[in-house]
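S.K.: If you scroll down you'll find the structure; I have some questions about it.
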Amino acid sequence: MKQKINFYSGPSILPKQVIEQAQASIENFENTGLSILEISHRSKEFVAVMEGARALAKELMGLGDNYEVLYMQGGASSQFYMIPYNFLLAGQTGVYIDTGTWANGALEQAKLFGNVHIAASSKNENYNHIPKQLDIPGEAAYLHLTTNNTIFGTQYHFTENPKKHFGIDYPLFADMSSDILSRKMDFSAFDLIYAGAQKNIGTSGATLIAFRKELLQKQRKPLPAMLDYAVQAANQSMKNTPASFSVYVSYLTLQWIKEQRLEKIEAQNNRKAQTLYDAIDASSLFKGTVAKEDRSLMNVCFVIGDAALEKKFSELATENGIVGIEGHRSVGGFRASIYNAMPQSGVDTLVQLMEEFERISG
Ligand SMILES: *Cc1c(COP(=O)(O)O)cnc(C)c1O
């Protein structure tokens, strides 16, 4: 069977090495004579996986012991309500920047718990840019943002400490589901970070959460045990049975990131995005959909603007083994998700097809 070139937005491409290691562990996990799928989460072998994954995520993000790193279930979407349930007390205000469908989903959930202040929104322009004019209150429980807008293909490119950028001295929270560990950054500039594993750091079922421990002093109490960050931390992410296989795949993916080195991954990600955006900018057929300065290095959105031609290009892509480049229905056209595991050669193949298509239909 010929390998496909996987541009799906999530679950998405994984390093070949990770899939092979996972496959071997489904047969026989670390010579236990058991499959990773059937081993107890209380076994010493699995406890080492959970502890190893949490420690490695912390190491790769360069976070100190003042941070707690956990794996939880329910996806990034469950953090949309867990965050305000824990940290947005009655009468307090959560500040949100509305940069896309996921950012909007997060703020809608927060409304169930407290006041929501929308500092800015690009919704009326179909989220084609990151808003720069912000109305940031001097006091709030936290500011929440989405670093990479997976559906619309925009991303924050901070040039200074983000808290300084926003002029806040209260906690800063970020949904990094689609760009976590895709570039070097000062992760400790954020007080809480969360990411579904299925884009850059594994497969679906596990969600990574990192937060500054002192945040726990500001929690609502009491909380249902499963939704209480303090309880999850006190139980080392094993208050109940974790998504053990997903945590394992995430651990393997983090090990791959460490081996590759984040600097090198970042350089490759920059080059892949540059290749694709250069092709879009040079084309008279394909057009980018977002403001250039906000372009995402992870999700590249582009259109032709003619439904018949778009259908033809889709067919050509499919014939050439390309999978998952249809744009989200709210943008249309195409979206190439080029996460860490996507090799330069995959992007080169897509660009060659775009050029060929322009020649034959231009
Ligand atoms: C995919 C995605 C989500 C939703 O993740 P689930 O794990 O499916 O809940 C949330 N935020 C962003 C930025 C995403 O890319």
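The values are calculated or read from the model by the stated rules, or taken from the named source; none is laboratory data. Fair warning: this is a prediction, and the values are worked out from it, not measured in the lab. Reconstructed Cβ throughout: ideal geometry from the backbone, glycine too, with neighbour counts over all protein chains shown. In case anyone asks, the SASA skips ligands and DNA or RNA and just uses the protein heavy atoms, side chains included. Shrake-Rupley method; radii C 1.70, N 1.55, O 1.52, S 1.80 Å.
S.K.: With +1 on each Lys and Arg Cβ and -1 on each Asp and Glu Cβ, and nothing else charged, work out how big the dipole of the chain is about its Cα centre, in Debye to the nearest 20.
M.R.: 400
S.K.: When we measure straight from the Cα of residue 239, which aspartates and glutamates land under 19 angstrom away, once same-chain ones fewer than 8 places off are left out?
M.R.: The reachable aspartates and glutamates, counting only those whose Cα sits under 19 Å from residue 239, are 38, 45, 51, 68, 228.
S.K.: Still on this structure: At 37 °C and 0.692 mPa s, grab the translational diffusion coefficient of the chain from Stokes-Einstein with a Kirkwood Rh over Cα pairs, rounded to a whole number in µm² per second.
M.R.: The calculation lands on 154 µm²/s.
S.K.: OK, next. Taking every DSSP beta bridge that has both residues in the chain, what percent is antiparallel when rounded to the nearest 5?
M.R.: 55
S.K.: Answer with one residue from 317, 79, 155: the one whose Cα lies farthest towards the positive end of the charge dipole of the chain, charges on Cβ with Lys, Arg +1 and Asp, Glu -1.
M.R.: The residue sitting farthest along the positive end of the dipole is 79.
S.K.: Can you work out D for the range 262-360 in µm² s⁻¹ from Stokes-Einstein, where Rh is the Kirkwood radius over C-alpha pairs, the temperature is 10 °C and the viscosity is 1.306 mPa s?
M.R.: 117
S.K.: Can you tell me the alpha carbon radius of gyration of the range 98-165 divided by the globular rule-of-thumb value 2.2 N^0.38 Å?
M.R.: Relative to the rule-of-thumb radius for its length, the range 98-165 sits at 1.10.
S.K.: Let me ask another. Return the inverse of the average 1/r over all pairs of distinct C-alpha atoms in the range 134-192, which is the Kirkwood hydrodynamic radius, in Å to one decimal.
M.R.: Its Kirkwood hydrodynamic radius stands at 12.2 Å.
S.K.: Express the accessible area of the range 262-360 per residue in Å², computed with a 1.4 Å probe while the remaining protein chains stay in the model.
M.R.: Value for the range 262-360: 44 Å² per residue.
S.K.: Please give the per residue accessible area of the range 138-193, computed with a probe of 1.4 Å over protein heavy atoms only, in Å².
M.R.: Accessible area per residue, the range 138-193: 30 Å².
S.K.: Moving on to the next point. Where in the range 58-156 are there trypsin sites (Lys or Arg not before Pro) that are in a DSSP coil and have at most 15 other Cβ atoms within 10 angstrom of their Cβ?
M.R.: Loop-located and lightly packed - 111, 132.
S.K.: Once you compute Rg and the Kirkwood Rh from C-alpha atoms, what is the Rg to Rh ratio for the range 274-325?
M.R.: 0.97
S.K.: Based on the alpha carbon coordinates of the range 108-234, what radius of gyration and maximum Cα-Cα distance (Dmax) apply, in Å?
M.R.: Both quantities, over Cα of the range 108-234: 15.3, 44 Å.
S.K.: Quick check for you: which residues of the range 320-362 have the amide N under 19 Å from the point 7 Å beyond the Cα of residue 23 toward its beta carbon?
M.R.: Answer for the range 320-362: 341-343.
S.K.: While we're on this one: Filter the trypsin sites (Lys or Arg not before Pro) in the range 271-347 to those in DSSP coil with at most 10 other Cβ atoms within 10 Å of their Cβ, and list the result.
M.R.: 329
S.K.: Per the Kirkwood treatment, what hydrodynamic radius in Å, one decimal, follows for the range 61-111 from the mean inverse distance over all distinct Cα pairs?
M.R.: With all distinct Cα pairs of the range 61-111 included, I get 12.5 Å.
S.K.: Sticking with this one: Could you please state how large a percent of the accessible area of the chain is carbon and sulfur, counting protein chains only and using a 1.4 Å probe?
M.R.: Its accessible area is 49 percent carbon and sulfur atoms.
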